[in-house]
Amino acid sequence: MTTSPTSQTGPTVATSAASAATAAGGRTAEQYALYLAALRADSDRMLDVVTDLEAPVPTCPGWTVRDAVVHTGSVFSHKVACMRLPEGPQQLSDWDHGPAEGADLDSVLAWFRERRDELVEQLETRGPDASAYTWYDDDKTVGFWYRRMAQEVAVHRVDVESGTGMQSPVGHDLAVDGIDEVLDWFLRFQADDVGPDGPGRGTVAVRTGDHIWRVTLNADDIDLSREPGPSDALVTGEASELYLWLWGRRPDTAVQVEGDADLVAGFRARLKVVTQ
């Protein structure tokens, strides 16, 4: 079965500032401001809702809330090292891996707040145009980390909330931008991580509102288009739910799937590898 996103969405797609800027290879001052505001808000939310560090995290089986908080804080510290060190962190001592083993709630949250504040200070002081080590060939600026860290904390804020029973959606604009990020920077750019002869062959269209991405799964790589056209399968959903589904935080019932189910299964299997 071949679906046609053109007939379902009309000729205008990816029209938000977030998607248009990303497709053009640059971002606006307003987009960077969104990233910083989201980073602050989501990290503050993590600090506000955590009461039990040992509670399980349903969205990330095997993790506790402690694991999610410490992981996120250590990622913040690692990215500070990416900005401070021209070649990025080279040894384990270049960043902070977490508070003392068995630290109590207040100590863990204080440590997390310090790592968040350190990250924000580095982002603001350097500004998005400054050069920085990144793993993405097409963007070696601090602006890369504005986006990546806003998206990182959005996902892990959802993880922490799931361990408290107080979940809330990802903001629409950030979710649309996050869909673009995971499909481009992770699924396409990191296709080598899947290995040769990856699962699935064909084109999956991903759509939320009037935003659309067409992802063609080849044996060894991914082609990504932000233009309407034919596809073999179509995955649609509300922006936050679709974004979290792509990150493996929502079940298949969170989205609507049409067309080749085996292709969508291969698409999701590849996503699982690159988003681990």
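What follows draws every value from the coordinates through simple rules; no lab data is involved. Keep in mind that what you see is a predicted model, and the values were worked out from it rather than measured. Heads up, the Cβs are rebuilt from the backbone with ideal geometry, glycines too, and the neighbour counts pull from every protein chain shown.
Points worth noting:
- For Ile222, Ile179, order by how many other beta-carbon atoms lie within 10 Å, fewest first: Ile222, Ile179
- Of (i) 14.9; (ii) 19.7; (iii) 14.1, the label for mean projected area of the Cα convex hull in nm² derived from the coordinates: (iii)
- Positive-end residue, the chain charge dipole about Cα centroid, Cβ charges, pick of Ala41, Ala239, Thr51: Ala239
- The 3J(HN,Hα) values that the Karplus relation (6.51, -1.76, 1.60; θ = phi - 60°) gives for the range 105-111 are, in residue order, 4, 4, 5, 5, 5, 5, 4 Hz. Gly and Pro appear as x.
- Mean projected area of the convex hull spanned by the Cα atoms of the range 25-171, taken over all viewing directions: 8.9 nm².
- Local charge for Glu54 was computed over the other residues whose Cβ lies under 11 Å away, with Lys and Arg +1 and Asp and Glu -1, and equals -1.
- For Asp192 and His97, the difference between the fully extended length at 0.36 nm per residue and the C-alpha to C-alpha distance is 31.4 nm.
- Efficiency of FRET from Cβ geometry, Asp220 and Glu124, R₀ 30 Å, rounded to 0.05: 0.15
- Whole-angstrom gap from the range 204-259 to the range 42-67, using each part's C-alpha centre: 28
- Based on DSSP H segments of at least four residues, each scored -39500 (n - 2.57), the chain has a per-residue ellipticity at 222 nm of -15000 deg cm²/dmol.
- Split the chain at each of the trypsin sites (Lys or Arg not before Pro) in a DSSP loop with at most 15 other beta carbon atoms within 10 Å, and the longest piece is 1-139.
- Test item: Cα-centred dipole of the range 40-172, Lys/Arg +1 and Asp/Glu -1 on Cβ, debye: 280
- Legend: translational diffusion of the range 133-276 by Stokes-Einstein, Rh = Kirkwood radius over C-alpha pairs, 10 °C, 1.306 mPa s; D = 102 µm²/s.
- Largest mean-square fluctuation among Gln167, Gln190, Gln31, in a Gaussian network model of the chain whose springs join Cα atoms under 10 Å apart, belongs to Gln167.
- Inter-part distance where the range 157-181 and the range 90-124 are each reduced to a Cα centre, Å: 22
- Counting other Cβ atoms within 10 Å as a rough exposure proxy, the listed residues Thr203, Thr134, Thr125 run Thr125, Thr134, Thr203 from fewest neighbours to most.
- Gaussian network model of the chain, Cα within-10 Å springs - most flexible of Ala239, Ala150, Ala33: Ala33
- If R0 is taken as 30 Å, the Cβ-Cβ distance between Asp106 and His172 corresponds to a FRET efficiency of 0.30.
- Environment charge at Ala29 (Cβ cut-off 14 Å; Lys +1, Arg +1, Asp -1, Glu -1): -1
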